[in-house]
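The values are calculated or read from the model by the stated rules, or taken from the named source; none is laboratory data. Given the structure is predicted, the values throughout are model-derived calculations rather than measurements. With ideal geometry, Cβ positions are generated from the backbone for all residues, glycine too; neighbour counts draw on all protein chains shown. The accessibility values were calculated without ligands, DNA or RNA, using every heavy atom of the protein model including side chains. Shrake-Rupley method; radii C 1.70, N 1.55, O 1.52, S 1.80 Å.
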Amino acid sequence: MAQTPGEVLGWIKDQDIQMIDLKFIDMPGTWQHLTVYQDQIDESSFTDGVPFDGSSIRGWKAINESDMTMVLDPTTAWIDPFMEEPTLSVICSIKEPRTGEWYSRCPRVIAQKAIDYLSSTGIGDTAFFGPEAEFFVFEDVRFDQTESQGFYYVDTAEGRWNSGRVEEGGNKGYKPRYKEGYFPVSPTDTLQDIRSEMLLTMKKCGVPIEKHHHEVATGGQCELGFRFGKLVEAADWLMTYKYCIKNVGKKHGKTVTFMPKPVFNDNGSGMHTHQSVWKDGQPLFAGDQYAGLSQMALWYIGGILKHAPALLAFTNPTTNSYKRLVPGFEAPVNLAYSQGNRSASVRIPLSGTNPKAKRLEFRCPDATSNPYLAFAAMLCAGIDGIKNQIDPGEPLDVDIYDLSPEELAKIPSTPGSLEDALSKLETDHEFLTTGGVFTDDFIGNWINYKLDNEVNPMRLRPHPYEFSLYYDC
C-alpha cells in the first residue's frame, strides 16, 4: 500500500490508472464519493485538496457557502475491487478552501483532533480501537411508508421463520434456531463462502483481517474480524469493511444491513469496541488492579460509565439502536463493568499475560454510528475519566438475573431512546468540547439534525403494531 503522495502518483502513472475515486464521510456516517480523471490529481491534492460542492451533504454547508476541498490521505489508497474500470480509491478529509483550515464538521477531522488532544494532555500519544461490527445478510428486503400504509419485510432462506416454507423446492430444514446461530457448521451455516470472499476482499483493500463467523441470531447474522488499529485508521478500516461486505453481498444477490434490530425477538447487531491507550510505544492499561487493569484504565472506565448516557447519542445514534438495547438478548444495558458479564456495558476481555493485549470493551455501540465520531467521543470520555480520576465503582460480576429488584434498581441503565440520549448529550458535553475536539456548533447541529430528521418524523407515523393494539378501541 502507498504511504506518500509520491508513491500514490507513481502508482497512478505506472499502472495507468485513469479513474481516481475520492471517498469522504458525511455527518451521519455514510461514505460519499467523487470520481476524477487522473490528471486532476497532483501533489497539491494531498495538501490543499480537490474542490467540490458541499451544500448537498447532510448536516454541512448552506448553498451560499458551499465550496469545500477534499484532501487525499495517501496511506488509504487501494484499487477498488468492485469497479469494471481500474479505479484507485482514496479516503479524504475536508478543508475550508478560503481559510485553509480543517472543516470543524468533518468527522474524520474530529477524530484526528481527538488524538491531538490525547497527546496534548501528556496522558498518551496513541489510542487503539478494535470494533466488532455485526450485520445481517438477507435475500429480500421491502419497506414503505405512505399516508395510508407502512410496512417492512425481510427474508432469507436461512431464517428459522421459513422452516415450514414450501417454495424452496423441498425444504431442507437446516435453519439456525432463534438465538442459536453461534455457530453451527454447514449446511446450517449457509454463508461460509460469502463471508470468506468478504474477508479476503477486505484484505485486498488494506484491512488487516483476522476471522469470520456466523452470529447468534437466525436469518443470516454474521461478523467479520479485523485487527485493532490507531483511532483514525480503525475508523477508515471499518468504513472499508462495510463497503466490502455490502458489495460482495450484492454480487451474490444478497442484501446486507448493519441496522441494529431488523429482526423481532432475536439478538440484534452491535459493535463491541475494544480500546486502549499507549505512550511511547508502551501500553498503559495493564496493571495490578481488577482484572489485570491499571489504575489509569479504571479511571478511563469511570469516564466511559459517567458519560455513557451522552456518549450513546454518538455510539448508538438511531431510533432503531434502542430496539437492541433491551434486556434478554445479550444486550449491554447495565452501566457497569465486569471481566465476564456480557450484560455489563464495559467488559474486560481475557487477554493472557501480554500487557500489550490488555484493553477494555465498550459493548453498547452499534454500526449505525459514524465511527470517527463514536471513537473520538469514547476517547474524550476516557480522557475525562483519567484527568478527573473518576471511580467506576464496584464491578458487576454477579448474574444480573439473580439480583433482586432493589439491587437491580441501584445499577444505572442505558437511555431508553435516542431522544433521551440526545437530551443527555445536550446537558453533558463539556468532556467533548474540552481540548477543542468537538465544537458547540457541531454538537448543536448534531442534536437538531437527529431530532428533525429521525426522532420527530418517527413520532408522526403510526406503527404497524399499534393497529394490533388499538384498532378496535
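Give, in nm to one decimal, the length gained when the segment between ASP441 and LYS172 is fully stretched (0.36 nm per residue of separation minus the Cα-Cα distance).
Extending this stretch completely gives an extra 91.2 nm.
For the range 356-419, what is Rg from Cα atoms divided by 2.2 N^0.38 Å, rounded to two decimals?
1.40
LYS13: which lysines have alpha carbons under 28 Å from its alpha carbon, excluding same-chain residues fewer than 8 sequence positions away?
Correct list for LYS13: LYS23, LYS95, LYS203, LYS204.
Highest first, please rank the peptides 456-463, 23-30, 128-135 by the mean number of other Cβ atoms sitting within 10 Å of their residues. Provide the component values of the computation, followed by the final result.
Details: 456-463: 10.9, 23-30: 20.4, 128-135: 22.9.
Ranked from most to least packed, the peptides come out as 128-135, 23-30, 456-463.
How large is the dipole of the range 173-259 about the Cα centre if only Lys and Arg carry +1 and Asp and Glu carry -1, each at its Cβ, rounded to the nearest 20 debye?
180
Would you grab the residues whose amide H sits under 5 Å from the one on PHE285? Only those 5+ places off in sequence or on another chain, please, with H modelled 1.01 Å from N.
VAL277
Counting only Cα atoms, I'd like the Rg/Rh figure for the range 355-467, Kirkwood definition for Rh.
For the range 355-467, the value is 1.02.
Above 27 angstrom, tally the Cα pairs of the range 210-357 and express them as a % of all pairs, no decimals.
Counting every Cα pair in the range 210-357, those more than 27 Å apart make up 30 percent.
Relative contact order of the range 40-155, please, whole-number percent, based on alpha carbon pairs below 8 angstrom and at least 6 residues apart.
That works out to 14 percent.
Can you spot the aspartates and glutamates whose alpha carbon is less than 13 Å from LYS230's alpha carbon? Ignore those fewer than 8 places along the same chain.
Correct list for LYS230: ASP116, ASP125.
What share of Cα pairs, in percent, lie more than 23 angstrom apart in the range 145-285?
Details: 4408 of 9870 pairs.
When every Cα pair of the range 145-285 is considered, 45 percent fall beyond 23 Å.
Residue by residue, what Karplus-based ³J(HN,Hα) values in Hz, rounded to whole numbers, does the range 286-293 have, using 6.51, -1.76 and 1.60 with θ = phi - 60° and x for Gly and Pro?
Ordered by residue, 3J(HN,Hα) equals 8, x, 10, 8, 3, 6, x, 8 Hz.
Using the crude model of +1 on Lys and Arg Cβ and -1 on Asp and Glu Cβ, and no other charge, please compute the dipole size for the range 353-473 relative to its Cα centre, in debye to 20.
540
Separation of the range 352-393 and the range 240-258 by C-alpha centroid, Å?
Taking the Cα centre of the range 240-258 as reference, the centre of the range 352-393 is 28 Å away.
For LEU305, LEU451, write out the residues from largest to smallest accessible area, computed with a 1.4 angstrom probe and no ligands counted.
Largest accessible area first, the list is LEU451, LEU305.
Quote the relative contact order of the range 320-380 in percent (integer), defining contacts as alpha-carbon pairs under 8 Å separated by 6+ residues.
For the range 320-380, the relative contact order is 22 percent.
Starting from the Cα gyration tensor of the range 313-380, multiply each eigenvalue by 5, take the square root, and state the resulting semi-axes largest first in whole Å.
22, 17, 8
What is the magnitude of the charge dipole of the chain about its Cα centre, with +1 placed on the Cβ of each Lys and Arg, -1 on the Cβ of each Asp and Glu, and no other charges, expressed in debye to the nearest 20?
780
Report, in deg cm²/dmol and to the nearest 500, the calculated mean residue ellipticity at 222 nm for the chain, where each DSSP H run with n ≥ 4 adds -39500 (n - 2.57) and the sum is divided by the residue count.
Calculated from helices alone, the mean residue ellipticity at 222 nm is -9000 deg cm²/dmol.
Over the chain, with every protein chain in place, what whole percent of the accessible area is carbon and sulfur at 1.4 Å, could you tell me?
Taking all protein chains in place, the chain shows 51 percent carbon and sulfur surface.
Using DSSP H assignments, which helices in the chain have an axial alpha-carbon span of 20 Å or above and a mean Kyte-Doolittle hydropathy of 1.0 or higher?
Details: long enough: 107-121 (21 Å, 0.00); 231-251 (30 Å, -0.10); 295-315 (27 Å, 0.96); 371-387 (24 Å, 1.17).
The answer, listed by residue number, is 371-387.
In square nanometres and to one decimal, what's the mean projected area of the convex hull around the Cα atoms of the range 421-473?
4.8
So how do 425-431, 143-149 stack up, highest first, on mean other-Cβ count within 10 Å?
Working: 425-431: 17.3, 143-149: 8.0.
Result, highest mean first: 425-431, 143-149.
At a 10 angstrom cut-off on C-beta neighbours, averaged per residue, how do the peptides 351-357, 5-11 rank from highest to lowest?
Packing order, densest peptide first, comes out as 5-11, 351-357.
Go through TYR243, TYR471 and list them by solvent-accessible area, largest first, probe radius 1.4 Å. It would help to have the intermediate numbers written out before the result.
Working: TYR243 40, TYR471 175 Å².
Order by accessible area, largest first: TYR471, TYR243.
Output the Cα-based Rg and Dmax of the range 105-160 in Å, rounding Rg to one decimal and Dmax to a whole number.
21.4, 59
Short version: ³J(HN,Hα) in whole Hz for each residue of the range 212-224, in order, from phi by Karplus 6.51 cos²θ - 1.76 cosθ + 1.60 (θ = phi - 60°), x for Gly and Pro, what are they?
8, 6, 6, 10, 5, 6, 6, x, x, 7, 9, 8, 10
So what does ILE209 come to for accessible area, using a 1.4 Å probe and Å² rounded to 10?
It works out to around 50 Å².
Go through the range 339-352 residue by residue and turn each phi into a ³J(HN,Hα) via Karplus (6.51, -1.76, 1.60, θ = phi - 60°); whole Hz please, and just put x for glycine and proline.
8, x, 7, 7, 8, 7, 6, 10, 10, 9, x, 5, 10, x
According to the square roots a ≥ b ≥ c of the eigenvalues of the Cα gyration tensor, what is the shape class of the range 1-65, taking rounded for a/c under 1.5, prolate for a/b larger than b/c otherwise, and oblate for the remainder? Spell out each step's value before the answer.
Details: a/c = 2.41, a/b = 2.12, b/c = 1.14.
Taking the square roots of the gyration eigenvalues as a ≥ b ≥ c, the range 1-65 is prolate.
Of all the C-alpha pairs in the range 276-430, what % are more than 19 Å from each other?
So the portion of pairs separated by more than 19 Å is 52 percent.
Using a Cα-Cα cut-off of under 21 Å, which lysines could be cross-linked to LYS387, ignoring same-chain neighbours fewer than 8 residues away?
Within the straight-line cut-off, LYS387 pairs with LYS113, LYS279, LYS306, LYS358.
Express the Stokes-Einstein translational diffusion coefficient of the chain in µm² s⁻¹, to the nearest whole number, given a Kirkwood radius over alpha-carbon pairs, 25 °C and a viscosity of 0.890 mPa s.
Here the translational diffusion coefficient equals 104 µm²/s.
Name the trypsin sites (Lys or Arg not before Pro) in the range 164-270 that are in a loop by DSSP and that have at most 13 other C-beta atoms within 10 Å, would you?
ARG165, LYS172, ARG177, ARG227
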